[in-house]
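Comments concern the structure below.
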2 protein chains.
Amino acid sequence: MAKEADFSETLTTYLKDKGFVYGPEPEIYGGLAGFYTYGPLGKRLKNNVEAVIRKVFNSNGFYEIEYPIISPKEVWKASGHLDSFNDPVILTEDGKESYRADKLIEELTGIAADHFSDEKLLETIKEKNIKAPGGKKLALKIERYSLMMKTTIGKNIEAYNRPETATTTYLPFKNYLNFFRDKLPFGVFQIGKAFRNEISPRQHLLRSREFTQAESQTFLFPEMKKEWPAFEEAKKELLPLWTEKMQNEEKKPEDISLEDAMKKKLLKNQAYAWHLWLSFKIFTDFGIPKERLRLRQHHHDEKAFYSDDTWDLEVQLKSFGWTEVCGISDRTNYDLSQHQKHSNEKLTARTLEGKEEIPHVIEIAFGVDRPFFALLDLNYDEREDEKRTLLTLPPWIAPIQVGIYPLVKKDGLAEKAKELMKTLGNKYLCYYDESGSIGRRYSRQDAAGTPLGITIDYDTKEDNTVTLRERDTMKQERVKIENLEKILGEKLNG
Amino acid sequence: MAKEADFSETLTTYLKDKGFVYGPEPEIYGGLAGFYTYGPLGKRLKNNVEAVIRKVFNSNGFYEIEYPIISPKEVWKASGHLDSFNDPVILTEDGKESYRADKLIEELTGIAADHFSDEKLLETIKEKNIKAPGGKKLALKIERYSLMMKTTIGKNIEAYNRPETATTTYLPFKNYLNFFRDKLPFGVFQIGKAFRNEISPRQHLLRSREFTQAESQTFLFPEMKKEWPAFEEAKKELLPLWTEKMQNEEKKPEDISLEDAMKKKLLKNQAYAWHLWLSFKIFTDFGIPKERLRLRQHHHDEKAFYSDDTWDLEVQLKSFGWTEVCGISDRTNYDLSQHQKHSNEKLTARTLEGKEEIPHVIEIAFGVDRPFFALLDLNYDEREDEKRTLLTLPPWIAPIQVGIYPLVKKDGLAEKAKELMKTLGNKYLCYYDESGSIGRRYSRQDAAGTPLGITIDYDTKEDNTVTLRERDTMKQERVKIENLEKILGEKLNG
């Protein structure tokens, strides 16, 4: 724990210093917990993360939409957020500190408490003799604290910054039906900001008050779940499944193919299995190693009441251990039914048998900030023997892909390097650096996660060759400029 | 005017029907003016618009950042928004309708009134005998109405959804200095949501309450403005300049090279001239025709009090005539000075002479929703003679680039088409459609702005050729599948 905390502190300092994450913002006004800025390198990394999400969803037939962040009260009444999207807060006896009771339990005992009732939370706190992090005694009373951020539209219309994108993806259902020409199934996703007024935000980007969500919603009829055409192509793929049973029996997750998981009845249906696979694919496409991922089935008393099945994708972080990074839920027809009821608009579609029915939804939901953080957490590498710190980011996700350096500024080397910057800059994220010793420049880019460096020296003027240096191995080779594009293509496109 | 209004209505209906823009949202709950959804095609178009912005800024040395949407009161006090970011609102005499006084004047008389004092607004309304759009008499009293959307963080911290991205781009200045190793000039940009509680949002996406801004801020010292290295490469480029003098003399804008504009002293300095050019490049790179654009200098009493010079980029829309789509301002050291004063943090950098000074800022600021709307407005094309409606979007900005159609589903043609969908889908935004007559499918994609269509028919099975159809000309040619990638590359990359 202490070691993890140390690492977490080192990482946070490093992320700020290198231009990945600043905050809490506004820094110059003292900062407000839970608000962060993606700096120049961080924003590029985040864009690359989002590009992977878009690529996977687009190439699997999903369409992206962008719904407003703000919606009026009626929406959040229907979705249930206005009445029940709140956190259990517990104060210290002196009333000076407040904590999320469930997270306090989870952090100190490892017990997942986010679906506990207030009674069960208090019981557990008594039983395990839990105190506030500073050692103060807790007042044995839970207060419910709304996470919703309220605002006003026009002169007096009550409205809220959305606490999740999902609800807002359901609302234009009738418009989707028109777009997809009344044919189910179809999938829609959103990448956008969401807001939660957490009482005590902690764990850096993992639990901030303003964050970016990516959520896909597949609209389908129950009878479509059993035979899902896309399942066929994914069925041999292995997933690290950790069923409720395995968890209860204290067994480890197992790599099981989708096909076998269906045969062994570990997964309910092909459609759900395929969505599990798709979420796993997104995270491995980011470049997160498979060994660091597992799919954990929710306990039957842990999942939301309307959910037919929920699994979490978890990643093993160096800072915080196993951490939930994505949830995959069969939400049944709960959400559309709620909105049909509250809006009095028909939210049905025609089944293959010609009946008008409210479709079901299978959801993949995650915060973009979490894989972003995971990539930095897992790739931060202090190599004491080599006396350098590097970020071993995969080349397709790195904020800068190629560093370009003239050995010295004079004798036309800078001009030559800038020329190269122009050609390659059209195709790759390049960075030109002419200041300081070449060793310093290499180490700056190692620490920024830049996989390749190109050095222009006096030989370049003679024979049009440059030195190509690899970040992870520090291996250097001499290559012809005319071959650069081909070689970069091979090395950078994974 | 009536014709423009008709066109605007036709366009809005069309945008909803085709999946570009839904709203006002939440539609099923009755809708709230000024909130729109980007539908499946709209979001792709918006992503493409944002990709152009990123490409131009990145390739000109700017770095993107992402600052939170929410900031506490202190920030908006310092920026001046809390005290003076409000609209002049005028009510009808019966108190039942309210309007923005400046916009009412502008729409009915063409006078740009957004910097008028309350007195001058009332004077103009009297003088021009302006009435409410429905014909009601106006109460001759202006009320100031704050545009800020307030919320609460934690239990009682007053905070606001940002009304612009710019302020939030200035705040991490010290962190940028560290990233750019204390060397000015440098440029930072942001693309993100901003919120304005407009009293009566109108003109569809052009003035909504939630919108996306793109704003670049170049930090530089005054002595750097005169000689701006990048100016050299752009100096022969022509810009449609409309100076204050030309406007006063009722002359038309003129195409003038940057170089000549400097010689004639139409532009103050190289740095500012280059930023004008850069903003113009962004808009022409979207594919907006040069003839539809002009750069209008602000009147000396029109620009903000701290601005040294401001020009607006305007586009001539079919719906609303000449419309401001971008502002380019030399904001001097106003913003950083304000934040230094209010935060008590030094926001200076070292000049070339070694003095600590607060840098100046040149800003390019626009709403992403406006070029998005302009692209649809200008490319919507009802061709009565051809009996079709098409969107003549440039291929690099179109939401779908290639439609892929089997002539019929049977005899393996669908399989062949799906195969092609897989190969091309990795590289281009493709759309597979097998339902309805081939003519109907063509016309659906014409209306979606898809520049190319590929039809797989019985000959394809014999000789591996397909029909390639162009949207604008309806020209069809027979090409070999093996040559498709090359041909598409030529036709789609402009």
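Data table
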item	result
Relative contact order (%) - criterion: Cα under 8 Å, at least six apart; region: segment A:248-329	21 percent
Residue of chain A nearest the A-to-B rotation axis [by Cβ], rounded angstrom distance	A:THR151, 2
Per DSSP, loop chymotrypsin sites (Phe, Trp or Tyr not before Pro) in segment A:287-316 with at most 14 further Cβ within 10 Å	A:PHE305
3J(HN,Hα) from dihedral phi, segment A:132-146, Karplus parametrisation 6.51/-1.76/1.60, rounded to Hz, x for glycine, proline	5, x, x, x, 5, 6, 9, 6, 7, 8, 9, 10, 8, 10, 5
Theoretical ellipticity at 222 nm over chain A - DSSP helices of four or more residues, -39500 (n - 2.57) apiece, nearest 500	-10000 deg cm²/dmol
Using a 7 Å Cα-to-Cβ projection, A:LYS245 label spacings across copies, nm, ascending	8.6
Distance between segment A:113-151 and segment A:186-237 - C-alpha centres, whole angstrom	28 Å
Distant-in-sequence amide H partners of B:ARG388 (H built 1.01 Å from N, under 5 Å)	B:ARG383
Alpha-carbon radius of gyration plus Dmax, which is the widest Cα pair, for segment A:440-494 in Å	11.5, 32
Inter-chain shielding of B:95-102 (mean C-beta neighbours from other protein chains, 10 Å cut-off)	0
Nearest-20 debye value, chain B charge dipole, Cβ charges on Lys, Arg, Asp, Glu	720 debye
Mean Cβ neighbour count within 10 Å, used as a protection proxy, ranking B:237-245, B:481-489 highest first	B:237-245, B:481-489
Within straight-line cross-link reach of A:LYS480, lysines at Cα separation under 23 Å, skipping those fewer than 8 residues along the same chain	A:LYS409, A:LYS410, A:LYS416, A:LYS418, A:LYS422, A:LYS427, A:LYS461, A:LYS491
Global form of segment B:1-134, assessed from the alpha-carbon gyration tensor, a/c cut-off 1.5	oblate
Inter-copy separations for B:ASN86, label at 7 Å along Cα-Cβ, nm, ascending	3.4
Average Cα contact separation per residue, chain B, under 8 Å, 6 or more apart, as relative contact order %	13 percent
Amide H contacts of A:LEU239 (H built 1.01 Å from N, under 5 Å, at least 5 apart or other chain)	A:ILE256, A:SER257, A:LEU258
Alpha-carbon centroids, segment B:22-62 and segment A:397-426: separation in whole Å	34 Å
Label distances, nm, B:PRO229 versus same residue in remaining copies, Cβ-directed 7 Å point	5.5
Residues whose placed amide H lies under 5 Å from that of A:ASN197, excluding near-sequence neighbours	A:MET148, A:MET149
Surface/4 of the Cα convex hull for segment B:371-494, nm²	7.5 nm²
Residue-averaged beta-carbon neighbours from other chains (10 angstrom radius) around A:169-176	5
Taking only Cα atoms of the protein assembly as shown, radius of gyration then Dmax in Å	29.0, 86
Order by protection proxy (mean Cβ within 10 Å, highest first), peptides A:107-115, A:438-446	A:438-446, A:107-115
Largest-first principal axis extents of the Cα set of segment B:86-146 (Å)	27, 25, 16
Shielding by partners, peptide B:57-69 (average Cβ within 10 angstrom, other chains)	6
Overall Cα dimensions of chain A - principal axes, largest extent first, Å	76, 63, 58
Segment B:86-146: relative contact order in percent, alpha carbon pairs under 8 Å with at least 6 residues between	49 percent
Highest-first arrangement of A:454-462, A:400-408, where packing means the average Cβ count within 10 Å	A:400-408, A:454-462
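Here, each number is a calculation from the coordinates, and none is a lab measurement. This one's a predicted model, so the numbers in the text were calculated from it and none came from an experiment. Backbone-built Cβ (ideal geometry, glycine too); neighbour counts: all protein chains shown.
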